[in-house]
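**Q** The structure's right below; bear with me while I get my questions together.
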Amino acid sequence: GYRSRSAYKLKQLDDLENVLSSGDTVVDLGAAPGGWLQVAAEGVGEEGRVIGVDLQRIDDLEHDQVETIRGDMTEERTRERVRDAAGGEVDTVVSDMAPNMTGEYSLDQARSLHLARQAFETACELLGSGGDFVVKVFDGPDVSDFRAEVEEEFRYVRATTPEASRKESSELYLIGKERLTAPVREGD
Ligand code: SAM
């Protein structure tokens, strides 16, 4: 079985927009306890690689192609560790990062959007041309601006709430398909 109910969300997002393919390298941000890592590992198969990052420790998975990093994605040193682990361009960046909930919606929503922006920056650093991006964000006032920024970097963007998301939640996922430009790296 999967470690989280969230696993089914990634399955549904992948069914919708095909973001996981055999042999891919996938970076999963906010990966604990590891449900998305399990789905990603199945999607990329034994020839693929999955790198998961979270503030929390992630118990080892039975999949050999999964590597985990414990760190804060809002810190540059964590992003550097992720870049090192990837060792080059990646095919897909997914983020299910969510803040600790305070219950005050506007604060939680702003924090969620901040994490989504961090994920987007990381995606822009790591994704090669044609790469895909999935990011969770709580719906709210600045989401349309964020979506517009993502749209500039991908061939198209789709917003969706998977069936597996709780009815009462206001989370949505943006899927950026096919990164338009390859990242410029030092030395190029
Ligand atoms: N997709 C996961 C799964 O299927 O098991 C569930 C992810 S859970 C909804 C959100 C995660 O985001 C939490 O584990 C939390 O620790 C992580 N998170 C929140 N802020 C973070 C940050 N700044 N850096 C890394 N991870 C973060």
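**Q** Using the structure shown, decide if Val26 is of a type in the set (Val, Ile, Thr) and under 18 Å from Asp60 (Cβ atoms).
**A** Here the answer is yes, as Val26 does meet what is asked.
**Q** In addition: Taking region 40-71 as the region of interest, how many residues are within 9 Å of the ligand (Cβ to nearest atom), in contact with a Leu (Cβ under 6 Å, 6 or more places away or on another chain) and either more than 16 Å from Arg3 (Cα to Cα) or not β-branched (Val, Ile, Thr) (or both)?
**A** Total satisfying the criteria: 1.
**Q** A further question follows. Counting residues that are touching a residue at least 40 places away in the same chain (Cβ under 8 Å) and in contact with a strand residue (DSSP E or B) (Cβ under 8 Å, 6 or more places away or on another chain), which strands (runs of 3 or more DSSP E) fully inside region 1-119 reach at least 3?
**A** 25-29, 90-95
**Q** Identify, please: which residue in region 111-122 is crowded, with 16+ Cβ neighbours inside 10 Å and more than 23 Å from Leu20 (Cβ to Cβ) and is, among those, farthest from the chain's Cα centre (by Cα)?
**A** Within region 111-122, the match that is farthest from the chain's Cα centre (by Cα) is Arg111.
**Q** When you go through Glu151, Glu163, Glu125 one by one, which is the residue that is out of contact with any strand residue (DSSP E or B) (no Cβ under 8 Å at 6 or more places or on another chain) and either part of a helix (DSSP H, G or I) or among the β-branched types (Val, Ile, Thr) (or both)?
**A** Glu125
**Q** Could you tell me whether Ala31 is more than 13 Å from the chain's Cα centre (by Cα) and crowded, with 22+ Cβ neighbours inside 10 Å?
**A** no
**Q** Could you check region 62-95 and list, in sequence order, the residues that are at pLDDT below 95 and crowded, with 16+ Cβ neighbours inside 10 Å?
**A** Selection gives His63 alone.
**Q** Could you grab me the full set of residues in region 151-175 that are in contact with a Gly (Cβ under 9 Å, 6 or more places away or on another chain) and under 14 Å from Val134 (Cβ atoms)?
**A** Within region 151-175, Glu153, Phe154, Tyr156, Val157, Arg158 qualify.
**Q** Of (1) within 8 Å of the ligand (Cβ to nearest atom); (2) under 22 Å from Asp132 (Cβ atoms), Arg3 satisfies all except one. Which?
**A** (2) is the only condition that Arg3 fails.
The values are calculated or read from the model by the stated rules, or taken from the named source; none is laboratory data. Since the structure is predicted, the reported quantities are computational estimates derived from the model, not experimental observations. Because the Cβ atoms are built from the backbone with ideal geometry, glycine has one as well, and the counts that use them run over all protein chains shown.
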